[in-house]
Every structure is written in C-alpha cells, then in structure tokens.
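Beneath this line is the structure, given in structure tokens, with notes to follow.
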C-alpha cells in the first residue's frame, strides 16, 4: 500500500515539475525567438502591476475595505512581477544576451535594474517603481536593438 502511495505521490511530483517547465520558453535552444513579443509582454506586465497598485490603494481608501479584493489585487501584482522577472532572467539573461555581445554590460545592468524594480513593485504600491520600470524597458529596448528598431 505504501509503495503504491509513494508511486502516486512521486508521479504527481514529476507531473508538477514538468508542467512548471512547460510554460517557460525553451532553453534547448530551439532558435525560435520573438524578442519584440517579449518587450510587449513586459509592457503588459508593467501595466497590470500599475493597475493592481492603483486598485489596492483605491480599495484601502474606502470606508468599508474589501480585504478579499485587496488580496486578489496583491496576488495579481505578485504574479505579474514574477512573470516579468522570468522574462528578464530566463529569456534575455539566459538565452539572448551572451557574454561578449555588443553592449553586454549595459544590457545586463539595465536588466538587473528591471529585476530590482520588479521586486520593489512586489513590496509596495509606490507607482514610481512602475514608472521606473517603463523607463528601463524603453532604454533596454533601444540598447538591445541598437536604436535601429521600431
């Protein structure tokens, strides 16, 4: 009986691990990259984080605070900040910016700053962090594409 239970738990664990990796962009490398799409995804994550911050602040200001909605907006903010960090690390830092590339240190520095600002977004509802993220994303876009890309 314990052997069967162990097998089921082990299989569930393997499925969980496999499913969590399936959502990530491959690191094979597959050679299929859509850099511009990643920039759009980052922009969407920033917009969602900003909306979540505004919603949390608005709900907190009401006479009757709906804590359920606050929690949901905070979770949304966390999820989108994590997704942004994943794109920065697993897509750009791991696969797209290789040591020795043009402007390597500048690109890595901008990406690191984006990671820190995303972390700060998780820690507060201070909209200056989303403003900074937007600026960093635009600057990284220009450096990444060499200012020659629309």
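Determine, yes or no, whether residue 143 is touching a residue at least 24 places away in the same chain (Cβ under 8 Å) and either more than 30 Å from residue 58 (Cβ to Cβ) or out of contact with any strand residue (DSSP E or B) (no Cβ under 8 Å at 6 or more places or on another chain) (or both).
Against the criterion (touching a residue at least 24 places away in the same chain (Cβ under 8 Å) and either more than 30 Å from residue 58 (Cβ to Cβ) or out of contact with any strand residue (DSSP E or B) (no Cβ under 8 Å at 6 or more places or on another chain) (or both)), residue 143 qualifies.
Out of 133, 115, report the one residue that is touching a helix residue (DSSP H, G or I) at 6+ places or on another chain (Cβ under 9 Å), assigned to a helix (DSSP H, G or I) and in contact (Cβ under 8 Å) with a residue 40 or more places away in the chain.
Answer to the check: 133.
Name the single residue, out of those in the stretch 98-112 being touching a residue at least 24 places away in the same chain (Cβ under 8 Å) and outside any helix (DSSP H, G or I), that is nearest to the chain's Cα centre (by Cα).
Across the stretch 98-112, the extreme among qualifying residues is 103.
Does residue 120 satisfy being out of contact with any helix residue (DSSP H, G or I) (no Cβ under 9 Å at 6 or more places or on another chain), surrounded by fewer than 17 Cβ atoms within 10 Å (Cβ to Cβ) and closer than 24 Å to residue 52 by Cα?
no
Every residue in the stretch 8-52 that is modelled with pLDDT of 70 or more and surrounded by 15 or more Cβ atoms within 10 Å (Cβ to Cβ), please.
Listed by number, the residues that qualify are 38, 39, 41, 42, 43, 45, 46, 48, 49, 50, 51, 52.
The values are calculated or read from the model by the stated rules, or taken from the named source; none is laboratory data. Please read these numbers as outputs of a predicted model, since none were measured by experiment. With ideal geometry, Cβ positions are generated from the backbone for all residues, glycine too; neighbour counts draw on all protein chains shown.
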